[in-house]
Amino acid sequence: MRDLNERPSERSIYIWNITGSIANALLSVVALMIVTRMLDDRQADIFSIAWTISQLMATIGTFQIRMYQATDVEGVFCFRQYFWFRIITVVTMMISSCGYILVRGYYGEKALVVLFVCAFRAIDSLADVYEGWFQQKERLDLSGKALTYRIVVAFIGFGVCLFFTKNLVAATMVLIISYIICFFFYDVRYIRSVKALREERSLSKGMLWVIRMLKEGTPLFINAFLMMSIMNEPKMVLDTAIEQGNLGQGVQTIFNILFMPASFLNLAYIVFRPLITKMAIMWNTNRPKDFLKILIKIFGCLFGIAVFLFGGSALLGIPVLEIVYAVNLKDYKRHLLVIIIGGCIYTFAAVLDNALVVIRKQNVLVLSYIMTYLYIKIVASIMVKHWGVMGGAVSYFTAMSVFFVVTAILFVILFKRESNKKIKTNVLVETIS
């Protein structure tokens, strides 16, 4: 394991971080592409809604501790604490998944597919705590490798199984088994083999650390759960309309296909992930101006990418999606562009969201999420009822606009207040010295 212990170059870390991020972003794209090409509209709709529900349940599994863990440069919690806390949340996730299936009234094939896709997400959530530790120790190359290999192996197995069996339940079981094998072979092996990832601290006696981590993570979890609920609301409204016979089979799949490019700018933001840790270092060393410079740099780069993404989608978006998914989308160009604008707005809001986490003001973000959640709960069903798929697109776009505006206001107020405290502290230290 000598190679794993050697400090990688910045170039290697950057490349593997990008590779892992791209593989993760393509996860949904490739999965739905395989399903739409091999199964009928009914089964494609089942897989689409299962994927949607699993993303919601995954917020319970991760409890959104990853961002806190990656920016825990002062070592408030040790890895064993992060790990055992994640075990608790993953178990809670699977119990919640079973409850959700019962509440929605799913049965038979649909219930099994939803459950198995959620189980696949549970393994991913467990691996995430390891990869968060790699990131904290500035070994994003290992995170990228583990994520890339896990996704590639799993989806080769998924595709092969689906090709030969045409059985969605069997294929999702292959996903689970593949993820378990890769989790042990990569994540667990890395943490045991790389000296820099080992720690001497033992698990604290008592349960006070659990309460403290719960306190730190709860605002992040509530925010993530609400945001995933916000993004899923148009899809769940469409699912209900399909089950009631108000919309035809295949509509859920079409909306999910149109939704895919909305995450592209968020993928670009993931590439800047190493800068989040640097922002935390700047903030913790009382350098708010340097913190702000990094934030502005991220915004500038993302804006340029957003302009390019919108232009490319206007010209080639629908033709490319039709080729990839083998589905007729010629009537959905406007829908696609509305969703992409909403996705770009969400990414800009997410940057400010993460910045507030870095300065440890994540608790106030609940206001942004609650306001956005209440908004889409009111408008989604109305818009989908009147405009169908376009209603889903418009409800998503306007909800992201509400989220961005409220988050931006909160960030400006809190950053100004907290940075002034940092400046006063620096002046006081210089005066004393």
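The values are calculated or read from the model by the stated rules, or taken from the named source; none is laboratory data. Not measured: the values here are computed from a predicted model. Cβ: placed from backbone, ideal geometry, glycine included. Neighbour counts: every protein chain shown. Protein only, heavy atoms only, side chains kept; ligands, DNA and RNA dropped before computing areas. Shrake-Rupley method; radii C 1.70, N 1.55, O 1.52, S 1.80 Å.
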- prompt: Treating the beta-carbon of each Lys and Arg as +1 and of each Asp and Glu as -1, no other charges, what is the dipole magnitude of region 352-421 about its Cα centre, to the nearest 20 debye?
  reply: 200
query: Of Gly343, Thr71, Phe264, which is farthest along the charge dipole of the chain in the positive direction, counting Lys and Arg as +1 and Asp and Glu as -1 at C-beta?
result: Thr71
- prompt: Would you list Trp51, Trp16 from the most to the least accessible area, probe 1.4 Å?
  reply: Trp16, Trp51
Mean separation of Cα contacts under 8 Å (6+ apart) over length of region 1-124, as relative contact order %: 32
- prompt: Normalised by the number of residues in region 229-377, what is the relative contact order in percent for Cα pairs under 8 Å and 6+ residues apart?
  reply: 33
query: How much accessible surface does Thr165 have with a 1.4 Å probe, in Å² rounded to 10?
result: 70
field: Furthest towards positive pole of dipole, Met231, Val169, Gly245, structure part region 123-256, Cβ charges
entry: Val169
query: Counting alpha carbon pairs within less than 8 Å and at least 6 residues apart, what relative contact order, in whole percent, applies to the chain?
result: 20
query: Hey, in the GNM for the chain with a 10 angstrom Cα cutoff, which one of Glu322, Glu109, Glu74 fluctuates hardest?
result: Glu74
statement: For the chain, the helices passing both cut-offs (Cα extent along own axis of 24 Å or more, Kyte-Doolittle mean at least -1.0, full DSSP H runs) are 10-38, 41-62, 79-104, 108-136, 140-165, 208-243, 288-312, 333-358, 366-387, 389-432
field: Whole-number D in µm²/s for the chain (Stokes-Einstein; Kirkwood sum over Cα pairs; 25 °C, 0.890 mPa s)
entry: 108
- request: Sticking with the crude label model, points 7 Å out along Cα→Cβ, report the distance from Leu26 to Asn284 in nm, one decimal please.
  value: 3.5
field: Tail beyond 27 Å, pair distance distribution of region 43-189 (Cα, percent)
entry: 25
statement: Of every hundred units of 1.4 Å-probe accessible area on region 203-279, the number belonging to carbon and sulfur atoms, as a percent, is 66
Carbon plus sulfur fraction of accessible area for region 321-391, probe 1.4 Å, in percent: 64
- request: Could you work out which residue, out of Thr62, Thr398, Thr285, moves most in a Gaussian network model of the chain, that is, has the largest mean-square fluctuation with Cα springs under 10 Å?
  value: Thr285
statement: Check: C-alpha center region 282-335 vs C-alpha center region 51-106, spacing in Å is 27
- request: Can you check what the Kirkwood hydrodynamic radius comes to for region 145-188, Cα pairs only, in Å to one decimal?
  value: 10.3
query: Under a 1.4 angstrom probe, counting protein chains only, how are Tyr149, Tyr106 ranked by accessible area, largest first?
result: Tyr149, Tyr106
- prompt: Which order do Ile60, Ile177 take when ranked by solvent-accessible area (1.4 Å probe, heavy atoms of all protein chains), largest first?
  reply: Ile177, Ile60
